[in-house]
1. Residue by residue through region 71-125, note down the ones that are part of a loop (DSSP other than H, G, I, E, B), of a type in the set (A, V, I, L, M, F, W, C) and closer than 21 Å to Gln144 by Cα.
2. Taking Phe211, is it among the aromatic types (Phe, Trp, Tyr) and surrounded by fewer than 20 Cβ atoms within 10 Å (Cβ to Cβ)?
3. Mind checking which residues of region 22-34 are within 24 Å of Ile160 (Cβ to Cβ) and surrounded by 15 or more Cβ atoms within 10 Å (Cβ to Cβ)?
4. Enumerate the strands (runs of 3 or more DSSP E) found wholly within region 1-66, keeping only those where 2 or more residues are within 16 Å of Ala231 (Cβ to Cβ).
5. Collect the residues in region 209-230 that are out of contact with any strand residue (DSSP E or B) (no Cβ under 9 Å at 6 or more places or on another chain), within 15 Å of the ligand (Cβ to nearest atom) and part of a loop (DSSP other than H, G, I, E, B), keeping them in residue-number order.
6. Residues being free of Cβ contacts under 8 Å to residues at least 60 places away in the same chain, within 20 Å of Ser171 (Cβ to Cβ) and surrounded by fewer than 22 Cβ atoms within 10 Å (Cβ to Cβ): count how many of those fall in region 221-236.
7. Restricted to region 60-94, and to residues that are among the small types (Gly, Ala, Ser) and crowded, with 18+ Cβ neighbours inside 10 Å, which residue is nearest to Lys50 (Cα to Cα)?
Amino acid sequence: MSLCIVANWKLNGSREFNYQWLLDFSKSFNGEDFSSVGIAPAYLYIDHLKSIIADRDIKIGAQNIDLEETGARTGEISASMIKDLGCEFSIIGHSERRILFHETNQIISQKLIQANNNSVIPILCIGESAEENQSNNTFNVLEQQIIEAFENANELSSLIIAYEPVWAIGSGKTPNPEEINSVHEMIKDVVQSRFPKIGLESVLYGGSVNFKNASSLFEQKNVDGALIGGASLDGREFALIANVFNELRV
Ligand code: PGA
């Protein structure tokens, strides 16, 4: 099964955290198939986490990759390096990277190519700001992000998009589920009609997803899963969200 419930741990974690999280997750997850579950820890903990998830088929990924394969780029990590550690996916273009690290759609486009070249599934994040949302510009902004990101990366064998309104991340606020559904539908239409050589697998929603709002989101036809930040740091709550998804969608 493809990735549906993905944890973005951001700048959090330790080896101790990995052990405790896995214990909490395993006690509460009631599915047998782990293959729809993914975790993006900090790079440093990828190897450790992989070693302790043992035979559970949880997918491990990165939160970012560099736009180059090798070179004089101190501090960077390439798609081939995360692949070497067994990562199956990478988040690309998260709004925190766009805002804090000045990532443009052009940079993101190059990262998508790197991921694709190394058989790493990109989870491309797109989303509008609060002002753009309030001025009813959500569709235009997303369309622009999509078009620019795929301008040079218009042949990708596999892609996941995460719709993450910037104002919903870590704020406890979300658009209403019907709005999210129609945005996801529009994203699928734009990608499929304009970029027929992109293998869009699914569109996840991200931004203040938690156990309480999970079912209202997963009931929406075009919501294929979730990218979860804050609530994913608690192994128990993350497992409960995955259980809700399994009950409604699998
Ligand atoms: P949040 O973060 O769930 O804490 O809102 C989501 C994300 O940034 O991917």
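1. Selection gives Phe101 alone.
2. The answer is yes for Phe211.
3. Leu22, Phe25, Phe29, Gly31, Phe34
4. Of the strands (runs of 3 or more DSSP E) lying wholly inside region 1-66, those with at least 2 residues that are within 16 Å of Ala231 (Cβ to Cβ) span 5-8, 37-40.
5. Phe211, Lys212, Asn213
6. So the count comes out to 1.
7. Across region 60-94, the extreme among qualifying residues is Gly61.
Residues are listed down the side, and each one gets a yes or a no for (1) over 18 Å from Glu164 (Cβ atoms); (2) touching a residue at least 60 places away in the same chain (Cβ under 8 Å); (3) among the acidic types (Asp, Glu):
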{"residue": "Ile60", "(1), (2), (3)": "yes, no, no"}
{"residue": "Phe89", "(1), (2), (3)": "no, yes, no"}
{"residue": "Glu96", "(1), (2), (3)": "no, yes, yes"}
{"residue": "Asn105", "(1), (2), (3)": "no, no, no"}
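The values are calculated or read from the model by the stated rules, or taken from the named source; none is laboratory data. Since this is a predicted model, take the numbers as computed values, not measurements. Reconstructed Cβ throughout: ideal geometry from the backbone, glycine too, with neighbour counts over all protein chains shown.
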